[in-house]
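Q: If you scroll down you'll find the structure; I have some questions about it.
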Amino acid sequence: MRIDIITIFPELFKNIFNYSIIKRAQEKKIVNINIHNLRDYSINKQKSVDDYQFGGGSGMVMNIQPIYDCIKKLENERTYDEIIYLTPDGEQLKQSHCNKLSLDKNLILLCGHYKGIDHRIRENIITKEISIGDYVITGGEMAAWILSDSIIRLIPGVISDETSALSDSFQDNMLAPPIYTRPSKYNEWEVPKILLSGDPIKIEKWREEQAIKRTTKLRPDLLK
Ligand code: ADE
């Protein structure tokens, strides 16, 4: 998979993908992440990428031209499955989106700033709008990081134990069961005995029951 991220703060992405599973996914050449500085595409002398909004009102709006030129340049080089704009008024990101996007080959992620981007880009170029939750952050960069991470870890071959990503919370609209490691007793806190029984069938059944119990208690909305 190739991911192209368009941002006015490329420095923010210098290190965030250089750790753990995401770093290994790049080393294994399963994913190729490219960061594009939107200012490089501005054709005016000041390299500006935003302007006042028509009709008045506070906050700047990102111009069409640099975004359009950057995306068109990328599209001339390859075909993209989705051109995603990260925005608080997009569809709220769910595991089901991540699963689906992890099957794609080429993705563009556009990070917004200020008030947002000129709506004509949204109407004519963007194919998907994603929000990471009902709150507003300073720009789309953190959202692009979260989205990229949640997709990359699902690509086959990225996580060595292939079943691991499948047992994550939300994979069956279900929270994950509790997990434990050594020691089996710490102070007075003991690990549930069943996990030490060595009986895989009973353990699996217990995990399922626990997942249902936790989901019912903490996220009943997922069971609907
Ligand atoms: N940009 C600002 N807030 C955002 C959010 N909640 N999700 C995605 N992009 C954003």
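Q: Go through segment 8-17 residue by residue and tally those that are open to solvent by less than 70 Å² (accessible area, probe 1.4 Å), in a loop (DSSP other than H, G, I, E, B) and either of a type in the set (S, T, N, Q) or more than 13 Å from Asp149 (Cβ to Cβ) (or both).
A: Final tally of qualifying residues: 1.
Q: Separate question: If a residue must be within 19 Å of Ile64 (Cα to Cα) and open to solvent by less than 20 Å² (accessible area, probe 1.4 Å), how many such residues does segment 91-124 contain? I'd like the intermediate steps shown before the answer.
A: If we filter segment 91-124 for residues that are within 19 Å of Ile64 (Cα to Cα), which is where we start, we get 108-124.
Now restrict to residues that are open to solvent by less than 20 Å² (accessible area, probe 1.4 Å): 108-113, 116-117, 121.
The qualifying residues number 9.
Q: Out of all the residues in segment 132-168, which are surrounded by 19 or more Cβ atoms within 10 Å (Cβ to Cβ) and among the polar types (S, T, N, Q)?
A: Ser148, Ser150
Q: Consider Ala211 carefully, then state whether it is within 30 Å of Val31 (Cβ to Cβ), assigned to a helix (DSSP H, G or I) and aliphatic (A, V, I, L, M).
A: Against the criterion (within 30 Å of Val31 (Cβ to Cβ), assigned to a helix (DSSP H, G or I) and aliphatic (A, V, I, L, M)), Ala211 qualifies.
Q: How many residues does segment 22-45 contain that are surrounded by fewer than 15 Cβ atoms within 10 Å (Cβ to Cβ) and closer than 15 Å to Ile146 by Cα?
A: So the answer is 1.
Q: All but one of (1) within 18 Å of the chain's Cα centre (by Cα); (2) open to solvent by less than 90 Å² (accessible area, probe 1.4 Å); (3) of a type in the set (D, E, K, R) hold for Arg219; state the number of the condition that does not hold.
A: Of the numbered conditions (1) within 18 Å of the chain's Cα centre (by Cα); (2) open to solvent by less than 90 Å² (accessible area, probe 1.4 Å); (3) of a type in the set (D, E, K, R), the odd one out for Arg219 is (1).
Q: Moving to a separate point now. Residues being under 31 Å from the mean Cα position of the chain (by Cα) and either surrounded by 10 or more Cβ atoms within 10 Å (Cβ to Cβ) or assigned by TED's automatic domain parsing to the domain that holds His97 (or both): count how many of those fall in segment 180-204.
A: Summing the residues that are under 31 Å from the mean Cα position of the chain (by Cα) and either surrounded by 10 or more Cβ atoms within 10 Å (Cβ to Cβ) or assigned by TED's automatic domain parsing to the domain that holds His97 (or both) in segment 180-204 gives 2.
Q: Of the residues Ser169, Ser164, which is part of a loop (DSSP other than H, G, I, E, B) and out of contact with any Cys (no Cβ under 6 Å at 6 or more places or on another chain)?
A: Going through Ser169, Ser164 in turn, the sole match is Ser169.
Q: Among the residues of segment 66-87, is any within 16 Å of the ligand (Cβ to nearest atom), within 15 Å of Glu141 (Cα to Cα) and not aliphatic (A, V, I, L, M)?
A: Looking for residues that are within 16 Å of the ligand (Cβ to nearest atom), within 15 Å of Glu141 (Cα to Cα) and not aliphatic (A, V, I, L, M), one finds at least one in segment 66-87, hence yes.
Q: Could you list, in sequence order, the residues of segment 105-124 that are within 11 Å of the ligand (Cβ to nearest atom) and acidic (Asp, Glu)?
A: None - no residue of segment 105-124 is within 11 Å of the ligand (Cβ to nearest atom) and acidic (Asp, Glu), so the list stays empty.
Q: So which residues in segment 125-160 are touching a helix residue (DSSP H, G or I) at 6+ places or on another chain (Cβ under 6 Å), assigned to a loop (DSSP other than H, G, I, E, B) and either within 9 Å of the ligand (Cβ to nearest atom) or at positive phi (or both), if there are any at all?
A: Ile132, the sole residue that qualifies.
Q: Which pairs have Cβ atoms under 7 Å, sit 6 or more apart or on different chains, and link a residue in segment 61-74 that is in a helix (DSSP H, G or I) to one that is surrounded by fewer than 18 Cβ atoms within 10 Å (Cβ to Cβ)?
A: Pairs that qualify, where the first residue is in a helix (DSSP H, G or I) and the partner is surrounded by fewer than 18 Cβ atoms within 10 Å (Cβ to Cβ), are Ile64/Arg120; Gln65/Ile43.
The values are calculated or read from the model by the stated rules, or taken from the named source; none is laboratory data. Just so it is clear, the model here is predicted, and its values are computed rather than measured. Quick reminder, even Gly has a Cβ in these numbers, built from the backbone with ideal geometry, and neighbours come from all protein chains shown. These area figures cover heavy atoms from the full protein model, side chains too; ligands, DNA and RNA do not enter into them. Shrake-Rupley method; radii C 1.70, N 1.55, O 1.52, S 1.80 Å.
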